[in-house]
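The values are calculated or read from the model by the stated rules, or taken from the named source; none is laboratory data. Here the structure is a predicted model, which means the values were calculated and not measured. As a convention, Cβ positions derive from the backbone with ideal geometry for all residues, glycine included, and neighbour counts pool all protein chains shown.
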Amino acid sequence: MPLISVSLGTFMLLVDTTVVQVALPGIATDLDASPVSLQWIVDGYVVALAALLLSAGAVADRLGHRRTYAGGLALFAAASALCGAAPDDATLVVFRILQGVGAAALFATTTALLNSAYQGTDRGKAFGLWAAVASAAAAVGPIVGGVLVQGISRR
């Protein structure tokens, strides 16, 4: 169960980085977003994730990895819903940054959770599968983004 949870969380946070790239033309049209806003919609998430990754790991060491992971997942999910409901580009940037904060908590705890849940050769297999899922996310993101944007909407 820990491997499934950690892998799905990792998949979700990594797919998000590429799905938004595909949705940018729709976002630009729907929200009348400037090129600078579009850049922040992409980079706000990644900057928050990268900037807070080490701090999130320190917080997780103090509060508990499972609790930090669950909190990050809840924040990421809530921020995702808010991104879909964002009425303008500035609000979307703020919600994307919140997504990045949640993603930092998710990503910072994955290896610790796998380390504590698996021992010996099972640990190696768990890390191998987790890495495969993370790699697949980069390839699947643009496809999922295209299907969602064209089939449903950019929201």
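Listed values, structure above:
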| read-out | value |
| --- | --- |
| Answer from Val47, Val42 - the residue that is farther than 20 Å from Ala74 by Cα and either touching an Asp or Glu at 6+ places or on another chain (Cβ under 8 Å) or not hydroxyl-bearing (Ser, Thr, Tyr) (or both) | Val42 |
| Filter result for Tyr45 (surrounded by 16 or more Cβ atoms within 10 Å (Cβ to Cβ) and either in contact (Cβ under 8 Å) with a residue 60 or more places away in the chain or not in a helix (DSSP H, G or I) (or both)) | no |
| Ala139, sole failed condition from (1) closer than 18 Å to Thr18 by Cα; (2) touching a residue at least 12 places away in the same chain (Cβ under 8 Å) | (2) |
| Residue check for Ala90: surrounded by fewer than 19 Cβ atoms within 10 Å (Cβ to Cβ), out of contact with any strand residue (DSSP E or B) (no Cβ under 6 Å at 6 or more places or on another chain) and farther than 20 Å from Thr10 by Cβ | yes |
| The listed residue being in contact with a helix residue (DSSP H, G or I) (Cβ under 6 Å, 6 or more places away or on another chain) and hydrophobic (A, V, I, L, M, F, W, C), out of Leu148, Leu63, Leu92, Leu54 | Leu92 |
| Flag if Val133 is exposed (fewer than 15 other Cβ atoms within 10 Å of the Cβ) and at pLDDT below 95 | no |
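Here is a yes/no grid of residues against (1) within 20 Å of Leu14 (Cβ to Cβ); (2) touching a Ser or Thr at 6+ places or on another chain (Cβ under 8 Å):
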{"position": "Ser37", "(1), (2)": "no, no"}
{"position": "Asp43", "(1), (2)": "yes, no"}
{"position": "Ala48", "(1), (2)": "yes, no"}
{"position": "Leu52", "(1), (2)": "yes, no"}
{"position": "Ala58", "(1), (2)": "no, no"}
{"position": "Arg62", "(1), (2)": "no, no"}
{"position": "His65", "(1), (2)": "yes, yes"}
{"position": "Gly71", "(1), (2)": "yes, no"}
{"position": "Phe76", "(1), (2)": "yes, no"}
